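Below is one structure, written out as structure tokens; the observations come after it.
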């Protein structure tokens, strides 16, 4: 395994507040949040609290452009591209992540909290057990 970048809960809370401020600057609001069960569920819940969004949809086949899409990291762009194919109106789609992999080309629809330091594997507090298992 490559080097790791461990993220604390304090880091997450700070990124959620920063992301919330960026989202609130947009000239629109969102009726819901849509996410993937692996990775995006916890950031979605935290953002929903701060943004006062009540509905969170998980692993949807079709994604509404009226829904803010949330994931933990924009890494290879694969999740973004997969989800973009399922959005009802891609021109209105917003994809939000806590981290964006440094050195990647970012789509215009991406809002992220911070860039990774390098190409290290980012270990979120909710990934620690999974990461420890993979080291065995």
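The values are calculated or read from the model by the stated rules, or taken from the named source; none is laboratory data. Please read these numbers as outputs of a predicted model, since none were measured by experiment. Neighbour counts are summed over all protein chains in view; Cβ atoms, including those assigned to glycine, are modelled from backbone coordinates with ideal geometry.
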task: Output the residues belonging to the stretch 18-41 that are in contact with a helix residue (DSSP H, G or I) (Cβ under 7 Å, 6 or more places away or on another chain) and modelled with pLDDT of 95 or more.
output: 19, 20, 23, 33, 35
Top-ranked residue of the stretch 49-66 - restricted to ones that are part of a loop (DSSP other than H, G, I, E, B) and touching a strand residue (DSSP E or B) at 6+ places or on another chain (Cβ under 6 Å), ranked as nearest to residue 20 (Cα to Cα): 53
message: Looking at 54, 22, 13, 5, can you tell me which residue is within 14 Å of residue 122 (Cβ to Cβ), surrounded by fewer than 19 Cβ atoms within 10 Å (Cβ to Cβ) and over 13 Å from the mean Cα position of the chain (by Cα)?
response: 5
query: Does residue 37 count as surrounded by 15 or more Cβ atoms within 10 Å (Cβ to Cβ) and within 16 Å of the chain's Cα centre (by Cα)?
result: no
message: Taking the criterion of being under 20 Å from residue 66 (Cα atoms) and assigned to a helix (DSSP H, G or I), would at least one residue in the stretch 29-40 satisfy it?
response: no
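Every residue, every condition in (1) more than 19 Å from residue 42 (Cβ to Cβ); (2) in a loop (DSSP other than H, G, I, E, B); (3) over 12 Å from the mean Cα position of the chain (by Cα); (4) modelled with pLDDT under 95, yes or no:
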site: 79; (1), (2), (3), (4): no, no, no, yes
site: 96; (1), (2), (3), (4): no, no, no, no
site: 112; (1), (2), (3), (4): no, no, no, no
site: 127; (1), (2), (3), (4): no, no, yes, yes
site: 132; (1), (2), (3), (4): no, no, yes, yes
- request: Could you grab me the full set of residues in the stretch 81-94 that are exposed (fewer than 15 other Cβ atoms within 10 Å of the Cβ) and either outside any loop (DSSP other than H, G, I, E, B) or in contact with a helix residue (DSSP H, G or I) (Cβ under 9 Å, 6 or more places away or on another chain) (or both)?
  value: 81, 82, 90, 91, 92
task: Please work out which residue is nearest to residue 77 (Cα to Cα), limiting yourself to the stretch 108-117 and to residues that are surrounded by 14 or more Cβ atoms within 10 Å (Cβ to Cβ) and out of contact with any helix residue (DSSP H, G or I) (no Cβ under 6 Å at 6 or more places or on another chain).
output: 110
- prompt: Got at least one residue in the stretch 67-77 being more than 14 Å from residue 12 (Cβ to Cβ), touching a residue at least 40 places away in the same chain (Cβ under 8 Å), within 12 Å of the chain's Cα centre (by Cα) and outside any loop (DSSP other than H, G, I, E, B)?
  reply: yes
